[in-house]
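Visitor: Pasting a structure here, questions to come.
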Amino acid sequence: MDEQVVQNRYKRRIWAAVLMSLIMPGLGQVYCGRLKRGLVLNFLNILPLPIIIVLFSLSNSPALMQIVIALILAGGMVQLTAIIDSAFLAKCAGGYQLKDYNSPVVYALLVLVVTGGSIGSALYIRDQGLEAFRVPTASCYPTIVPNDRILANKNAYNRTDPKRGDLVVHICPFNRHWNYIKRIVAVAGDTVEIKDGRLYVNSQKLVRRKLPESTLENIRITVEEKPLEGEVFEETNGNVKYNIFLAEPPHDKTTGDFEKLTVPEHHCFVLGDNRNLSRDSRDFGPIPLATIRGRADHIYWPAMNWSHFGKIE
Amino acid sequence: MKDRKVYDSWRQEKRQIDVSQNFTDEVMDQINSWEQSRNCPLLKTERLIELISFHPLAKTGLVMAGAATGIVRLIIMINTILSNGVING
């Protein structure tokens, strides 16, 4: 009778194993006496995070967002596996001899360490790798639609200088607490000029190709409660091509010429893709490279059209 | 002298008690059980788990709370990364 009581005490309960696996993958295995397996499963569960950091630091692949989603799903699969495995282990455990680590203090410590580590990694990513922004403005329409959510890569210029065509998030020269998103059209040493509404870089008029109206399908917007009308062009700037929008009245607020200027060292000249509705280097001149917070690489939450999800073209 | 008498009578009385055959086993069981409980201070947790096991509602509630904790942990992490800055222009 007494033996039976002792055995019951040490029985591993399926619901308790599942509960622990839900709180933290691998904890259910620790509860069932499989410390190594639990730690491996936990490691596999948090592994996608450092992989994502490395991927964003080293790669600029168009499929990066899809890879990130696949990695997050893989992390979810590991958690599911951990839950099922822990339930199975608990079922097969029978009379279980308690181990030294079968203590609520150890469980709590594991959860604290892993959760602290995960949040620490997340803070590190935000501080050093990626920063998310919501873009409520139309200054980079049609590339960025108002209320798109983007990811800026803070490591993009660790090894290379910003180049023409890059879409960057930079500190607003008028207010240091504000962020602007603009496209670099000229870098240090380039000359830049706007004449009759056309952009000249190094005295070369940039080629524009008018794109069909269907380009704006599903991303039509209103500005100040009036539909934003205009034409969309593909502009070629050196080796890169990007879309720009020329708004028609009443939204053509920043048309006008800009006198020829040579971009100084450690600076770049930025314009909004929505050329007639953007405050940019035409207002505040070239911006210092040190004010660039990151390169806008990805849209992770498109406001209107999910075909815009992923790499910003 | 009086103490000696009291002691002898107590001894006589105890000698008359019938000791069962498995008395030693019972004592050893008690000692083992006590030692186990001393070495395993978690027994209380185990007992608590046992207790909850008999209450389906408490069991379900706890598992739901565990799932919620896991989800909250994930949300906190994602929110930490994606807590939005705002673009002003």
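Visitor: Anything in region A:186-209 that is surrounded by fewer than 12 Cβ atoms within 10 Å (Cβ to Cβ) and more than 17 Å from A:Tyr242 (Cβ to Cβ)? List them, or say none.
Guide: Listed by number, the residues that qualify are A:Gly189, A:Asp196, A:Ser203.
Visitor: Looking at region B:33-72, which of its residues are at pLDDT below 85 and either among the β-branched types (Val, Ile, Thr) or in contact with a Ser or Thr (Cβ under 7 Å, 6 or more places away or on another chain) (or both)?
Guide: Answer for region B:33-72, where residues must be at pLDDT below 85 and either among the β-branched types (Val, Ile, Thr) or in contact with a Ser or Thr (Cβ under 7 Å, 6 or more places away or on another chain) (or both): B:Leu42, B:Leu43, B:Thr45, B:Ile49.
Visitor: Within region A:120-139, restricting attention to residues that are surrounded by fewer than 16 Cβ atoms within 10 Å (Cβ to Cβ) and either of a type in the set (A, V, I, L, M, F, W, C) or within 30 Å of A:Asn274 (Cβ to Cβ) (or both), which residue is farthest from the chain's Cα centre (by Cα)?
Guide: Applying the filter and picking the extreme gives A:Pro136.
Visitor: Residue check, B:Arg73 against (1) more than 7 Å from every other protein chain (Cβ to nearest Cβ); (2) assigned to a helix (DSSP H, G or I), all met but one. Which one?
Guide: (1)
Visitor: Related question: Which numbered condition trips up A:Leu112, out of (1) assigned to a helix (DSSP H, G or I); (2) within 14 Å of chain B (Cβ to nearest Cβ); (3) in contact with a Gly (Cβ under 8 Å, 6 or more places away or on another chain)?
Guide: It is condition (3) that A:Leu112 fails.
Visitor: Right, here's the next one. Whether any residue in region A:206-217 is on the phi > 0 side of the Ramachandran plot and either under 30 Å from the mean Cα position of the chain (by Cα) or at pLDDT 95 or above (or both) is what I want to check.
Guide: No; the residues of region A:206-217 include none that is on the phi > 0 side of the Ramachandran plot and either under 30 Å from the mean Cα position of the chain (by Cα) or at pLDDT 95 or above (or both).
Visitor: Among residues belonging to region A:54-70 that are in contact (Cβ under 8 Å) with a residue 60 or more places away in the chain and outside any loop (DSSP other than H, G, I, E, B), point out the one that is surrounded by the most Cβ atoms within 10 Å (Cβ to Cβ).
Guide: Here the answer is A:Phe56.
Visitor: Collect the residues in region A:44-53 that are in contact with a Gly (Cβ under 9 Å, 6 or more places away or on another chain) and part of a helix (DSSP H, G or I), keeping them in residue-number order.
Guide: Result: A:Leu44, A:Asn45, A:Ile46, A:Pro48, A:Leu49, A:Ile52, A:Ile53.
Visitor: Of all residues in region A:200-227, which are of a type in the set (A, V, I, L, M), closer than 14 Å to A:Met304 by Cβ and out of contact with any helix residue (DSSP H, G or I) (no Cβ under 8 Å at 6 or more places or on another chain)?
Guide: Answer for region A:200-227, where residues must be of a type in the set (A, V, I, L, M), closer than 14 Å to A:Met304 by Cβ and out of contact with any helix residue (DSSP H, G or I) (no Cβ under 8 Å at 6 or more places or on another chain): A:Leu216, A:Ile221.
Visitor: For region A:115-134, give me each residue that is of a type in the set (Gly, Ala, Ser), in a helix (DSSP H, G or I) and either in contact (Cβ under 8 Å) with a residue 12 or more places away in the chain or within 7 Å of chain B (Cβ to nearest Cβ) (or both).
Guide: Of everything in region A:115-134, those that are of a type in the set (Gly, Ala, Ser), in a helix (DSSP H, G or I) and either in contact (Cβ under 8 Å) with a residue 12 or more places away in the chain or within 7 Å of chain B (Cβ to nearest Cβ) (or both) turn out to be A:Gly117, A:Ser118, A:Ser121, A:Ala122, A:Gly129.
Visitor: Next question, about the same structure. Tell me, which residue of region A:140-185 that is over 19 Å from A:Asn243 (Cβ atoms) and among the hydrophobic types (A, V, I, L, M, F, W, C) is surrounded by the fewest Cβ atoms within 10 Å (Cβ to Cβ)?
Guide: So, considering only residues that are over 19 Å from A:Asn243 (Cβ atoms) and among the hydrophobic types (A, V, I, L, M, F, W, C), the one surrounded by the fewest Cβ atoms within 10 Å (Cβ to Cβ) is A:Phe174.
Visitor: Okay, next question. Check whether at least one residue in region A:75-96 is more than 30 Å from A:Glu131 (Cβ to Cβ), aliphatic (A, V, I, L, M), assigned to a helix (DSSP H, G or I) and touching a Leu at 6+ places or on another chain (Cβ under 8 Å), and report yes or no.
Guide: yes
Visitor: A further question follows. Is it the case that region A:164-178 has a residue that's free of Cβ contacts under 8 Å to residues at least 60 places away in the same chain and touching a helix residue (DSSP H, G or I) at 6+ places or on another chain (Cβ under 7 Å)?
Guide: Among the residues of region A:164-178, not one is free of Cβ contacts under 8 Å to residues at least 60 places away in the same chain and touching a helix residue (DSSP H, G or I) at 6+ places or on another chain (Cβ under 7 Å), which makes the answer no.
Visitor: Examine region A:236-256 for a residue that is among the basic types (Lys, Arg), more than 14 Å from chain B (Cβ to nearest Cβ) and either part of a strand (DSSP E or B) or surrounded by fewer than 21 Cβ atoms within 10 Å (Cβ to Cβ) (or both), and state whether such a residue exists.
Guide: Yes, some residue in region A:236-256 is among the basic types (Lys, Arg), more than 14 Å from chain B (Cβ to nearest Cβ) and either part of a strand (DSSP E or B) or surrounded by fewer than 21 Cβ atoms within 10 Å (Cβ to Cβ) (or both).
Visitor: Still on this structure, I have one more. Filter region A:11-25 down to the residues that are free of Cβ contacts under 8 Å to residues at least 60 places away in the same chain and buried (at least 23 other Cβ atoms within 10 Å of the Cβ), then identify the one that is farthest from the other protein chains (Cβ to nearest Cβ).
Guide: Among residues in region A:11-25 that are free of Cβ contacts under 8 Å to residues at least 60 places away in the same chain and buried (at least 23 other Cβ atoms within 10 Å of the Cβ), the one farthest from the other protein chains (Cβ to nearest Cβ) is A:Pro25.
Visitor: Looking only at region A:84-107, which residues are surrounded by fewer than 20 Cβ atoms within 10 Å (Cβ to Cβ), away from chain B (no Cβ under 11 Å) and within 34 Å of the chain's Cα centre (by Cα)?
Guide: Listed by number, the list holds a single entry, A:Ile84.
Visitor: Another one. What's the number of the condition B:Ile52 fails, among (1) over 20 Å from the mean Cα position of the chain (by Cα); (2) in a helix (DSSP H, G or I)?
Guide: The failed condition is (1).
The values are calculated or read from the model by the stated rules, or taken from the named source; none is laboratory data. Computed from a prediction, not measured in an experiment: that's the story for all the values here. Note that we place each Cβ from the backbone using ideal geometry, even for glycine, and neighbour counts take in every protein chain shown.
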